[in-house]
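Below: one structure, written as structure tokens.
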Amino acid sequence: MIDFKMTIAELLNEKIEAMTVEEIYDTIEYPKHEDMGDYAFPCFRLAKAFRKAPNMIAADIVEAIGSHAYFETIESVAAYINFKIDKAVFAKAVLEEISEKGDQYGATDIGENKNLIVEFSSVNIAKAFHMGHIRSTMIGNALYKIFGFLGFNAISINHLGDYGTQFGKMIVAYKKWGDKDVILKDPVRELVKLYVKFHEEAENDPVLDDTAREWFTKLENGDQEAYELWAWMKELSLVEFDRVYDMLGVHFDSYAGESFYSDKIPAVLEEMRNKNIMKKSEGAEIVDLEPHNMPPALITKKDGSSLYITRDIAAAMYRKSHYDFVKNIYVVGAPQQLHFKQWMKIIELMGHEWAKDCVHVEFGTVSLEEGSMSTRKGRVIYLEEVLLKAVESTKAIIEEKNPNLENKDEVAKQVGVGAVVYQELSNNRIKDYTFSWESTLSFEGETGPYVMYTHARACSVLRKADVEFSAGIEYKHLGDDASKDVIRLLSKFPEVVLESARKYEPAMVTRYVTNLAQRFNRFYHDNPILVDDVEVKKARLALVDATRQTIKTGLNLVGLAAPERM
RNA sequence: GCGUCACUAGCUCAGUUGGAUAGAGCAACGGCCUUCUAAGCCGUAGGUCUGGGGUUCGAAUCCCUAGUGACGCGCCA
């Protein structure tokens, strides 16, 4: 595709000696309003070099450039030079590019097939897979897909919370109050009940906590009974979790969780001791991080058993040696920021330069109107329940609007789940939000169903087209503003994907497809597509097809399906 | 106490890393289906970008300060 931005940079460089082509390229921006043009170059910074007012500079440069075949107009407005690309040239460049590349439009090979790890979801065994977990799960899944699209060999890891003192608690609770048959009827919910009961009882009986710690230490030391109970709970949990992952279309390359690293911890502790970065404190071992403006990190407890941070350090070390990653990404909530800063600093103190390749992608908290979600307090909304309800609502809408649709159940699942996922990925990840059934089950405006609906509409028109439009298209027929708006947006897709990867922000892609859907719907409304004039029809169909493709690719990148009918 | 983050329309949020007239959706009001899917489109109304300083040609964006809210800070994960 013609690189319009680079063309402009080179054109300007001939008139501006004070800046390099690269500097000019980086200074070029998009005008705030589309009627001003497609690209703009602000001249403020040239004032000193030219010893003139910026608006004079702009006017002079415009005059010096004159005209160019790619551009409809090159104008100066105040201190800006605005470039408006010729509509037919633009349409041809963009639509042919998309048509050629198909579902690879926007893809790159900058990853050079190097290993890139995305750790996400990381749910806790024997605990609720609740609405709060959708964040890590879907943000991580989107990053996994986006980085894969950019040529990395992305590896998804579900760092299961399957270890730690909490399992001591579960074992104690099960032995005291558990009933195998009751648990088998509804495993996770029953296990959660035991967990809740443990905490209620422990309030008045601190001995329980000590017993729990003892059981975890037993588990860590390979006690048969502890191991069997733990393995059983893990298995029961995973069956349920996989049901949800399946609904979400999420796949993991590895389920190596915290327990996986338990036998790798001693070697890490050894290394830390040898490198002299730990010291004893009140019977425990800590790393003093005061020189780095952080509180000390507790590495081993006074009974010698491991902690969360110990396992994360061991996991990172293992991953470096096993995968030799170029990037190791952790999609974990913002409240754990300090934890990540601490252990990444410790890796650095151990002398591992790859500490800089570890990234904590943090996100805000989902809460309920009653307060933050807490398994311990029994205050949770199960993710599966939300998904099922969304699918059910979608089904009702289909029955009403499109009763003759063939595969209603499958579409209802795609659209319903999509609505929930879209909601999750539409805001910048750092934002906290309060879960609401009303907004989750609303399917109008900036929602997943809206974007999917737009895609389905495009598919529908294409199905009804009775001409071949793969070649011989007269792009001059796409000269109206609505068409140009769509084309301009289509042209930006590759850089949006790159930027979303750079910022680890899938919402950029979600917002982009929403924007594209909005523009396309205007085009669709203003321009009848299946008209008698064959030339016009072919040109518009080409636009429809390119939009269909780009919406689909975008939706897929954030883990959403793009049904062809709904 | 120390630290991190957030604050933009009634509500939920964008705002291209400092640029032009701050934009969407929801809610409200008014229009558009005998023509390609109305889960749609168009229009009206809605703003002291939390307050106050500063930096400069130029600030929602950077710095300082105050406020409000959320979160974190040694034996949980």
Can you list the residues, at least 5 places off or on another chain, whose amide H is less than 5 Å from the amide H of residue A:77, using H built in the peptide plane? A:82
Helix axis angle, A:534-557 relative to chain A longest principal axis, alpha carbon, degrees: 20
Run through every distinct alpha carbon pair of the range A:450-559 and return the Kirkwood hydrodynamic radius in angstroms, one decimal place. 14.3
Less than 13 Å from a label point 7 Å out along the Cα-to-Cβ axis of residue A:100: which backbone N atoms in the range A:1-40 qualify, by residue? A:1-3
Based on the Kirkwood radius over alpha-carbon pairs, what is the Stokes-Einstein translational diffusion coefficient of the range A:126-204 at 25 °C with 0.890 mPa s viscosity, in µm²/s? 163
Taking 7 Å along the Cα-to-C-beta vector as the label spot, tell me the residue A:176-residue A:461 distance in nanometres, rounded to one decimal. 6.6
Listed residue pairs exceeding 25 Å between alpha carbons, taken from A:48/A:503; A:264/A:301; A:234/A:503; A:101/A:538: A:48/A:503; A:234/A:503
Exceeding 31 Å between C-alpha atoms, which entries from my cross-link table qualify? They are A:169/A:389; A:169/A:279; A:5/A:464; A:114/A:341. A:169/A:389; A:5/A:464
Hey, which aspartates and glutamates would be in cross-link range of residue A:280, C-alpha to C-alpha under 16 Å, not counting anything within fewer than 8 residues on its own chain? A:270, A:271, A:288, A:290, A:303
In nanometres, what is the gap between the two model label sites at residue A:51 and residue A:225, each 7 Å from Cα along Cα-to-Cβ? 9.2
Given the Cα-Cα distance of residue A:288 and residue A:402 and 0.36 nm per residue of separation, how much length would full extension add, in nm? 34.6 nm
Which angle between 0 and 90 degrees, to the nearest 10, do you get for helix A:265-274 versus the longest principal axis of chain A when only C-alpha atoms count? 90
Helix A:4-13 versus the longest principal axis of chain A: what angle, 0 to 90°, nearest 10, using Cα atoms? 70
If you take the Cα Rg of chain A and divide it by 2.2 N^0.38 Å, with N the number of residues, what do you get? 1.16
Full-extension gain between residue A:1 and residue A:88, please, as 0.36 nm times their residue separation minus the C-alpha to C-alpha distance. 29.9 nm
On a full-extension model of 0.36 nm per residue, what is the gain between residue A:471 and residue A:353, subtracting their alpha-carbon distance, rounded to one decimal in nm? 37.2 nm
Area of residue A:114 that stays accessible when all protein chains are in place (1.4 Å probe, Å², to 10): 90
Tell me the mean residue ellipticity at 222 nm calculated for chain A from its helices only (DSSP H runs of n ≥ 4, each -39500 (n - 2.57), averaged over every residue, nearest 500). -17500 deg cm²/dmol
Taking amide H positions as placed 1.01 Å from N in the peptide plane, with prolines and chain starts having none, which residues 5 or more places from residue A:367, or on another chain, fall under 5 Å of its amide H? A:433, A:434, A:435
Global geometry of the range A:200-328, whether rounded, prolate or oblate, following the gyration tensor of its Cα atoms and the 1.5 cut on a/c: oblate
Residue A:155's amide H: which non-local residues (gap 5+, or another chain) put their own amide H closer than 5 Å, with H modeled 1.01 Å from N in plane and none for Pro or chain starts? A:116, A:117, A:118
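The values are calculated or read from the model by the stated rules, or taken from the named source; none is laboratory data. Since we're looking at a predicted model, the values are computed, not measured. We place every Cβ from the backbone using ideal geometry, glycine too, and count neighbours over all the protein chains shown. What goes into the accessible areas is simple: the full protein's heavy atoms, side chains included, and nothing from ligands, DNA or RNA. Shrake-Rupley method; radii C 1.70, N 1.55, O 1.52, S 1.80 Å.
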